[in-house]
2 protein chains.
Amino acid sequence: MGGLVEDQIRGAMRALVERDDRLAQAVIDRDREVNSLDVEVDEKSVELLALYQPTAGDLRFLTTAMKIVTDLERIGDQAVNIAQQALELNPEPQLKPYIDLPRMAEKAQRMVKESLDAFVHRDTALARRVCAEDSEVDSLKEQVFRELLTYMMADPKTIPRAIRLILISRFLERVADHATNIAEMVVYMVESKFVRHALHSEGGSAPLPNLPPADGAG
Amino acid sequence: MGGLVEDQIRGAMRALVERDDRLAQAVIDRDREVNSLDVEVDEKSVELLALYQPTAGDLRFLTTAMKIVTDLERIGDQAVNIAQQALELNPEPQLKPYIDLPRMAEKAQRMVKESLDAFVHRDTALARRVCAEDSEVDSLKEQVFRELLTYMMADPKTIPRAIRLILISRFLERVADHATNIAEMVVYMVESKFVRHALHSEGGSAPLPNLPPADGAG
């Protein structure tokens, strides 16, 4: 499902940059696949919960998976949003060469991939890196915004196109936000297991346990 | 938690309409409360899953609750987004009287409330009504957009303020989207239980075990 939504983002951005209406339409049509995967993972997780009644780490892994698929499904929605804007922009003359938007998209895609890797390997160091990357995407978004603002101020005819590009930057920001949400859930999943473990073995009302720093240098 | 995020949206919109910086700041500060409720409900749900290992309807109710709190937490984030835009807009002269944005906000808030009522009462008719209301919010958003576009075209000096108002309309749209997501999950929760029940009573190659009903009547 992660691979599919990454593909969808990539497809939507290619549809924009290469002005390819058919690709944009293909991304929109393929959203049904993403949605059915969402339902499928959800079903499967509830089934596993019912059948095996897992406890502790496994239980939290499953409930986190159920939350993650919701984020993935919404990342898929962002790809559709971008593809729809591409369909509107393609018939118009191109406002400017696209440089920052593809960079944003690449970063956001990488964040999605890394957040899922962090989940699968319960890797909180990687998850924390994803959270840190979010600010890079945010500053690219600000940069896109400021640049397009100068276009709009200089020539009001560019406003409708510029606004569509600003929206695309916001959709990409939301992709990065979803990846950050996933990464945060991974940290929470792994560390609250630690908390429980600490509580259990010490039996007291322990505050947070003594977590090793992410880089292991501490 | 539902009441709190509704309050947050209301506060953010009042901060905008009444140009009240202190209220905007209060909304931003209060987001921590929303976030801690998210963690609390999540913790409680995992605990209930682990302790009581609920089956069938109760299991799905709990896993749905865990997904819903994520949506509520993100509705809270939208209130913060609106409050931040209010803080930027308040020192500037007001571009126009706010009419459609408060209407959007009201509709979106009502959708949040109704989606949670639908959840609590497993009321799919109400949930479906919420999904239908989403298109009203979308058309208000389009209306806001078209109106602000004319302002921007006529006077480029209005562009920065107009864009902030457009963003606010998008934040409200996302609140409505989250409510719609909640409503869809309610429909899915209630009806997939029905589907399972049907499968089970017909004795097909049911993958699910022979679960006792939640009320112990079986």
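With springs only between Cα atoms under 10 Å, which of A:Leu37, A:Leu101, A:Leu72 fluctuates most in a Gaussian network model of chain A? In this elastic network of chain A, the residue with the biggest mean-square fluctuation among A:Leu37, A:Leu101, A:Leu72 is A:Leu37. In nanometers and ordered shortest first, the copy-to-copy spacing of the A:Lys113 label point, defined 7 Å from Cα toward Cβ, is 4.7. Against chain B, whose longest principal axis is taken from its Cα atoms, helix B:56-89 shows a tilt of about 10°.
Using alpha carbons only, how many degrees (0 to 90, rounded to 10) separate the axis of helix A:124-154 from the longest principal axis of chain A? Around 20 degrees separate the two axes.
Using only the C-alpha atoms, the convex hull of segment A:2-201 corresponds to 102 Å³ per residue. Taking label positions 7 Å along the Cα-Cβ direction at both A:Arg129 and A:Arg170, the computed distance is 3.2 nm, reported to one decimal.
Projecting label points 7 angstrom from Cα along Cα→Cβ for B:Gln25 and B:Arg10 puts them 2.3 nm apart. For segment A:25-68, the list of GluC sites (Glu not before Pro) that fall in a loop by DSSP and count at most 10 other C-beta atoms within 10 angstrom is empty. Extension gain for the segment B:Glu43 to B:Glu191, taken as residue separation times 0.36 nm less the Cα-Cα distance, is 50.6 nm to one decimal. Each stretch of four or more DSSP H residues adds -39500 (n - 2.57); spread over every residue of chain B, this sum gives -29500 deg cm²/dmol at 222 nm. Relative contact order of segment B:1-152: 32 percent, from C-alpha pairs under 8 Å at least 6 residues apart in sequence.
Of the three principal axes defined by the Cα atoms of segment B:49-110, the extents in descending order read 58, 20, 9 Å. If you average the alpha carbon positions of segment B:101-138 and of segment A:72-143, how far apart do those two centres end up, in angstrom? Comparing the Cα centres of segment B:101-138 and segment A:72-143, I get a distance of 29 Å. Helix B:159-202 axis versus longest C-alpha principal axis of chain B: approximately 10°, rounded to the nearest ten. Write down the Kirkwood hydrodynamic radius of the protein assembly as shown, to one decimal in angstroms, obtained as one divided by the mean of 1/r over all alpha carbon pairs. Every distinct Cα pair counted, the radius reaches 23.2 Å.
No lab work stands behind these numbers, since they all come straight from the coordinates. Because the structure is predicted, anything quoted here is derived from the model rather than measured. Cβ coordinates were reconstructed from backbone atoms using ideal geometry, including for glycine residues, and neighbour counts include every protein chain displayed.
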